[in-house]
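Here the structure is laid out as structure tokens; the discussion comes afterwards.
The values are calculated or read from the model by the stated rules, or taken from the named source; none is laboratory data. What you see is a predicted model; the values in this text were computed from it and never measured. A quick note on method: Cβ atoms are made from the backbone with ideal geometry, for glycine too, and the neighbour counts reach across all protein chains shown. To get the accessible areas, we keep the full protein, side chains included, count just its heavy atoms, and leave off ligands, DNA and RNA. Shrake-Rupley method; radii C 1.70, N 1.55, O 1.52, S 1.80 Å.
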Amino acid sequence: MKTLAVDFLVKESPNAIAIVDTKLNYISYSNQWLSNFSFHETDISNKNIFDVTIDTPEPFKDAIKNALNGDEHINDDQKFVLPNGDVKWFKWKITPIKNELNETDRIIIFLDDITVYKKEIELLHKAEEVARIGCWELDLKSGQVYWTKTTKDIHEVSEDFEPNLEEGINFYKKGAHRENITNLVSTAIAEGKPFDTELIIITATGKEVWVCAKGEVEMLNGKAAKLVGTFQDIDQRKQMEIAHGEISERLKITTETAHIGIWEYDLVNNTLQWDKEMYSIFDVAEKEFSGAFEAWSNTIHPDDKERTLFATQKAVKGIKDFDEEFRIKLKDGSVRYIKRLI
């Protein structure tokens, strides 16, 4: 009765399970095993595992043979190609069962399908590579640091590089950047405070690269146990921001020196935005300016208003660019000549 119960449990298991004797002939197996690993046979009892089982990876075969000598073997992931061409990933546990004489009597083979998990990991790695976002982890108890492949790629170190905390910190540019990350990591460990910062590292080949480093603390019994986070290459975006800032600053200096104002008109909401120089040109305080189109049009000299507004409408409709000279009247009654471009 006991044997029948065990056989039933094995048969109905959702996992691929097989039990073989010392001659590697099948004693029992699950329906899932039969479905995945047999050559479309309905009964493989008492048949040798290597005669009626699909071609399996060599490490799997070796583990089964070694189990005859009493060696248990565990593998966390291995690729299998099924007869229909499907690729699946399994982890296994192969355990020898001994009799009362302490001799191996049979072998239990347990396979767990981890294909979905492996695909998720592969997709995650692809996403990391495309977005140039890596991950890192610091175990505060052991001091061990882990970097994913993308994190190593950003630092331009080899795949077998094993970082530690000091080495990781020293990749940051000496000075304010290194001091900043040191303080952030120290505060995170001491106070459990997360961080999100943008700093420069010097890669293993000597290149300066802007990165975004984020970190969060995992607590255990009220104390920081781990620091985990992401590490992203943002150098291209940062260089564009810096270049844009430099251009904007140069433009600001140029417009102020040449008395050139910059404005923007929102046609939908009838709102007008001016830069600092526009207020100076029109001699208007920013707090007194309503930001509406009429606030500007009301400053136009009466003799130039009809022509100027007509040219403005043509520009709005896309008929002709606005390139006009006209006069405006300031608050003190004086007149100033303006050239306006759209």
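Here is how the numbers come out for the structure above:
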item	result
Residue that is farthest from I262 (Cα to Cα), among those in region 277-288 that are open to solvent by less than 30 Å² (accessible area, probe 1.4 Å) and of a type outside the set (A, V, I, L, M)	F282
Top-ranked residue in region 261-274 [being open to solvent by 40 Å² or more (accessible area, probe 1.4 Å) and not polar (S, T, N, Q); ranked as farthest from T299 (Cα to Cα)]	V268
Scope region 185-219; condition closer than 15 Å to E137 by Cβ, in a strand (DSSP E or B) and open to solvent by 50 Å² or more (accessible area, probe 1.4 Å); matching residues	K214, E216, E218, M219
From F110, F80, F171, residue being surrounded by 18 or more Cβ atoms within 10 Å (Cβ to Cβ) and closer than 27 Å to R237 by Cα	F171
Filter result for E325 (at pLDDT 85 or above and in a strand (DSSP E or B))	yes
Near pairs, Cβ below 6 angstrom, 6+ apart or cross-chain, from region 181-192 (within 10 Å of V217 (Cβ to Cβ)) to any residue that is modelled with pLDDT of 90 or more and small (G, A, S)	A188/G215
Residue list for region 312-329, restricted to those being in contact (Cβ under 8 Å) with a residue 24 or more places away in the chain and open to solvent by less than 60 Å² (accessible area, probe 1.4 Å)	T312, A315, F326, R327, I328
Residue satisfying all of: in region 302-311; open to solvent by less than 30 Å² (accessible area, probe 1.4 Å) and not charged (D, E, K, R); farthest from L330 (Cα to Cα) among these	A311
Residue match in region 222-232 (condition: in contact with a strand residue (DSSP E or B) (Cβ under 9 Å, 6 or more places away or on another chain), farther than 22 Å from L140 by Cα, open to solvent by less than 70 Å² (accessible area, probe 1.4 Å) and touching a residue at least 60 places away in the same chain (Cβ under 8 Å))	yes
W136, sole failed condition from (1) in contact with a strand residue (DSSP E or B) (Cβ under 6 Å, 6 or more places away or on another chain); (2) at pLDDT 90 or above; (3) assigned to a helix (DSSP H, G or I)	(3)
Filter pass, K61 being surrounded by 12 or more Cβ atoms within 10 Å (Cβ to Cβ), charged (D, E, K, R) and free of Cβ contacts under 8 Å to residues at least 12 places away in the same chain	yes
Check on T182, assigned to a helix (DSSP H, G or I), β-branched (V, I, T) and either open to solvent by 50 Å² or more (accessible area, probe 1.4 Å) or out of contact with any strand residue (DSSP E or B) (no Cβ under 6 Å at 6 or more places or on another chain) (or both)	yes
Search result, residues across region 24-33 that are open to solvent by less than 30 Å² (accessible area, probe 1.4 Å) and within 25 Å of G85 (Cα to Cα)	Y26, Y29, S30, W33
In region 61-100, residue nearest to E120 (Cα to Cα) [restricted to those that are at pLDDT 90 or above, touching a His at 6+ places or on another chain (Cβ under 9 Å) and not aliphatic (A, V, I, L, M)]	W92
Options Y117, Y146; residue that is out of contact with any helix residue (DSSP H, G or I) (no Cβ under 8 Å at 6 or more places or on another chain), loosely packed, with under 15 Cβ neighbours inside 10 Å and part of a helix (DSSP H, G or I)	Y117
Odd one out for T104 among (1) out of contact with any Gly (no Cβ under 7 Å at 6 or more places or on another chain); (2) polar (S, T, N, Q); (3) surrounded by 16 or more Cβ atoms within 10 Å (Cβ to Cβ)	(1)
Test result for E122, assigned to a helix (DSSP H, G or I), open to solvent by 70 Å² or more (accessible area, probe 1.4 Å) and modelled with pLDDT under 90	yes
Test set (1) within 18 Å of L138 (Cβ to Cβ); (2) modelled with pLDDT of 95 or more - I154 fails condition number	(2)
